[in-house]
Every structure is written in structure tokens, then in C-alpha cells.
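The structure appears below as C-alpha cells.
The values are calculated or read from the model by the stated rules, or taken from the named source; none is laboratory data. Owing to the predicted nature of the structure, the values given are computational and were not obtained by experimental measurement. Please note: Cβ atoms are built from the backbone with ideal geometry, for glycine as well, and neighbour counts cover all protein chains shown.
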Amino acid sequence: MKGKLLIIGFGPGSFEHITERAREAIQESDMIIGYKTYVELIEGLLTGQEIISTGMTEEVSRAQEAVKQAERGKKVAVISSGDAGVYGMAGLVYEVLIEKGWRKETGVEVEVIPGISAINSCASLLGAPVMHDACTISLSDHLTPWSLIEKRIEAAAQADFVIAFYNPKSGRRTRQIAEAQRILLQYRSPDTPVGLVKSAYRDRQSVVMTNLKEMLEHEIGMLTTVVIGNSSTFFYDDLMITPRGYQRKYTLNQTEQPLKPHQRLRKEAEPWALEQLEEAVPAKSEAAAAEAKAKASRMETAATATKASSREVAEQALQAILGESVGVSENSFIQQPMQSIFELAVSPGVANKKFTPKQMMTLAEVVGEDGNMEYTRDHQIKLQVPTANPDEVIEKLRAAQFLLSPIGDVLTLKACDFCDGEKKDAIPHAEELQERLGGIELPKELKIGFNGCGMACYGAVQEDIGIVYRKGAFDLFLGAKTVGRSAHSGQIVAEGIAPDQIVSVVEEIVQEYKEKGYPNERFYKFFKRAKRVRGFEYQDITPKLKIEEAACGD
């Protein structure tokens, strides 16, 4: 049986602003997947569905889990506040589906259910600030380079758009809103009206009217939407209003309008129109007029010859604005690749912990002045490399004999140095585990600790999966909690596993976690929830102590 994906935008969060179809979709679903704060907002609509909730920045894992569950035949509701298609989950779910080769006709059914986006809900509380052309810009550079966001802010400021800033500020991102204000002040008056709306239509709703110069004097956070007026926006009686037109064709104090609808479209009623402006500019000379006419003719001929569609012309213009292409003629562009930050981890090898001078020089060359290197406790160096060609970076690092690993929610193998090769019997098994499992994507990062003798001096038993070579066989530990004041070692689940079986046993455990683990669910939590993994039973061996809550909340 094919499942179904219900991608739901439930609006600002108040029950009265959730559409009837959104209510029905939530209640008919088998499973709810969403950011934990959003799940709490719709608790009153739940009827016993299975819940998978994760923290902020875990959107991709939520989308992947939703697709996986739908492919198993479940009806899955993926929830977003506001509208699911505006900085919501709709696009990510489609991206995951497309990556898996999904087709509308043969794949799981998908329904996107619209909701009220923040620009609309916040505008209603401010008055009518988006009555004219408006745009939305997210100030979060978590997924978009800040250099690109700056260009979008500047373009919108120059074009006199009303602007709604989403995700303006967080605990760690504090400079972005200040930079946005700096850019806007280059093009707009300090007195430009600004509305700050926090938690629209929720219990802690707050609405502040201010101006562009003073807006940073007020509280702004992740739950705030910042609405910047255009040059005609004004305040009246604690309301923020943007007129429908810059030069009105209507008279508000008259019942009988001076211009009938058919008259409003005449050229003489549109002094700002393009045709009028062209007629109002006198030719400097007959020669100049002739040249302008010839140029227009050449452009028309070239456009006809290339038969460029309006979409192609628009894409070329956008590329030029973003700096992704350089014009070489009126109708041709050279595409320039866009740089991004390529992240990966490198090490000298599974058992080898010694970097060579050549390797260190290669790292310096690859990372350059603009990249970053960070040594981790997993005996890897994490790299952040600005590049438009990741394959070239990989080629250089492999040529220097590095072991490469991806970053994120993947499997990492941390092995001891086997006493510099003196205790080498277990090394082939560690290398085989790395080759078969290293870097695979999982619900949450998972670490395998591997020790070559019973001393376990590299702390294998403190990792999610611990493997200790002892007396010619392997002991297996599962479910260590690696951080927090309730941290504990893994519980021993097997002793004396034969060397020719250890890799397949661990591989089966990891695959079960990959298939059945919830997004962002650490392995020790999965083991505790599942009670049994690959035949190994969970035993609650943690001491029953009352632990006072730490200041950090752990």
C-alpha cells in the first residue's frame, strides 16, 4: 500500500487561523513529523498519532524520515508554521523525493496544504503595510551565503520594495539584522516606518511600531518578523499603511471618481509610464536619435536571431545581478561557478595517528587563507574549504594519502593506535569496518570505538558502539551516553565474538538503527526505545539517582 505525504502549513499558531483542510489532514494522518515547538502548538488537534519531533536545524532529517515512513505505507503529516511553501518543509520534502527518483504517477502521493505566512499574519496586526510590491528575505545564513543575502537586501532596498525579514536574529546570529539596517539606510530615510511583530497570534504576541533608525533599540529575535516600509509607507493612529500607488488615480474624498476605469489606462493618466518617459526625453541631435534607433534595431535583430525566451532573458539578468555571470555582449553570458563551503574531515588512517610534513603542507594549500581547520577529539581534522570545485579538493587530499570522511549525521570510527602496530591482530577488522560503514548517513551522528586489547585505553566502551579485542575475539558494548552528567559506559552485550563475524554483526546493528531510528535520535536512546537490536537486549543499568538540573538545561 502506498503511503501519503501531507505537507501542512498551519498558520501563525492560533487554532482559529488553521484552515479546515489543515485540521482534517492533521487528524487523518498516522504520524506527525515536525519541529518540537510546532508539535506543541497543535497538540489540541492530535488524536493519538505517532509523533516524531526534532530540534531546530534538523529540517533535512525530518524530510528524509517523512519520505521513508510514507514509502512504508503510512500517511505522514509534515508540519510547518506559516505556509509550508514559504521557508517551510514543502521544498525539502520534494528535494528528498526527487533524489530518490520519485514520480507523481508512480510514487507516494503528496499534498501541500497552504497556510497563512508570517508576512500576511504580521501585516494584519500592523495595519496594511504590504499593499504595494513586497518581498521576503530570510536573514539566516545557515543555508544561504551572507554575501548573497546582502545583494538581495541591497536590490530590494534600491527597488523600494516593502520588505519582510524572516529569521532576523538568534542567540548566535546577532550581526545580520544590524548589517541589514546599514544597507537599508543607504537607500531609505531613517524615518522609514518599521513594524516588529513577535509570535503573531500566539500567547506572547508583541507588536512594536518604530522606524529604520531606531529599530535595533527594540527586542528582535528568531520569533520576530521585521516589516520595513517603502518610501510611501506611513504611520497613522498606531497603524502602518502603504498606499496602493505612488501617484494615485483615485480621489478618496469623492464618491464620483475623476477617472473611470477605462480612462486610468490612458498614457496621459500615467505620467510615470515607460512610454511617456521615452517621449519626454528630447533627442540631443538627429545623429543621436539615429544612433539610438540603430541600436534598438540591432538589439531587436539579435533577440530575434537567438530566439531567447523571456525566461532565459530573466535568468541571464538574475545571474548578472548575483555576480554568477559576466556579460560579454548584449545577448551572451559566460557562466561563472558559485563558491560554497565544502566540509569534510581528514586523518592519516584508521590505526595511523601520525601526519607527515607533506600532508600538513597539503592541508595548508587546500584550506588557504579563507578556510578553517579544527582538530577534533575523534583524531580527525575538520576542514571548511571555500571552493567551487569540491572534486579538485578531494583529489589533492587523496593524493596526499589522507583518509577522508564526511561531516554531519554520519558514522565515525575512532580506533586506537594499536600500540604503534605492536598489537596489530585487530587492525584488518577495524579497517574493514571503516571501508564498509565509515561515513554512511544515519539518524544522528554515531561513533564506533575500537580497541586492540583489553586495556581499552582509547575509551571504546564510552562510544555508541564499543569493540574491544581480547584473547583472540571481540567483546561488544552498546548504548554509551557520551555527554551530560548522566553519562555512562555502554553495556556489554556479547563476549568472544569470532573475528570473522564482528564486522557483519556491527553492520547489522548499524543498518537496523539507520532504518528504524528517528531523526536526531541518538543511538543510546534508540537502543532504550527499541529494547532489542539485532538480538541484543537493552538492560537499564544506569543508577537511579536524583540529579539536579544543570544551569545549561542538561
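Which one is modelled with the lowest pLDDT among residues in segment 224-254 that are of a type in the set (A, V, I, L, M) and farther than 17 Å from Ala180 by Cβ?
First, pick out the residues of segment 224-254 that are of a type in the set (A, V, I, L, M): 226-228, 239-241, 252.
Still in the running and farther than 17 Å from Ala180 by Cβ: 239-241, 252.
Numbers: Leu239: 96, Met240: 96, Ile241: 95, Leu252: 63.
The qualifying residue modelled with the lowest pLDDT is Leu252.
Taken over segment 478-501, the criterion of being in contact (Cβ under 8 Å) with a residue 24 or more places away in the chain and either touching a Gly at 6+ places or on another chain (Cβ under 7 Å) or of a type in the set (S, T, N, Q) (or both) is satisfied by Leu478, Gly479, Ala480, Thr482, Ser486, Ser489, Gly490, Gln491.
One residue stands out among those in segment 425-459 that are hydrophobic (A, V, I, L, M, F, W, C) and closer than 30 Å to Ala63 by Cβ: the one that is nearest to the chain's Cα centre (by Cα), which is Leu442. In segment 138-243, counting only strands (runs of 3 or more DSSP E) that sit wholly within it, none holds 1 or more residues that are basic (Lys, Arg), surrounded by fewer than 18 Cβ atoms within 10 Å (Cβ to Cβ) and over 21 Å from the mean Cα position of the chain (by Cα). None of Ile149, Ile113, Ile177, Ile183 is within 21 Å of Ser232 (Cα to Cα) and either β-branched (Val, Ile, Thr) or in contact with a Ser or Thr (Cβ under 8 Å, 6 or more places away or on another chain) (or both) except Ile183. Specify which of the listed residues (Asp370, Asp378, Asp425) is part of a loop (DSSP other than H, G, I, E, B) and closer than 23 Å to Glu445 by Cβ. On inspection, the qualifying residue turns out to be Asp378.
Restricting attention to segment 3-27, the residues that are in contact with a Phe, Trp or Tyr (Cβ under 9 Å, 6 or more places away or on another chain) and assigned to a helix (DSSP H, G or I) total 5.
Please verify whether Ile113 is β-branched (Val, Ile, Thr), touching a residue at least 24 places away in the same chain (Cβ under 8 Å) and under 30 Å from Gly195 (Cα atoms), treating the condition exactly as stated.
Values: β-branched (Val, Ile, Thr): yes; touching a residue at least 24 places away in the same chain (Cβ under 8 Å): yes; under 30 Å from Gly195 (Cα atoms): yes.
When the stated conditions are applied, Ile113 passes them.
Give segment 9-42 a look and list any residue that's farther than 25 Å from Ser124 by Cβ and either touching a Gly at 6+ places or on another chain (Cβ under 9 Å) or at pLDDT below 90 (or both), or say none. Selection gives Asp30, Lys36.
Which of the residues that make up segment 152-178 are of a type in the set (Ser, Thr, Tyr) and in contact with a strand residue (DSSP E or B) (Cβ under 6 Å, 6 or more places away or on another chain)? Spell out how you get there, then give the answer.
So in segment 152-178, the residues of a type in the set (Ser, Thr, Tyr) come out as 166, 170, 174.
If the condition is that a residue be of a type in the set (Ser, Thr, Tyr) and in contact with a strand residue (DSSP E or B) (Cβ under 6 Å, 6 or more places away or on another chain), then Tyr166 is the only one that fits.
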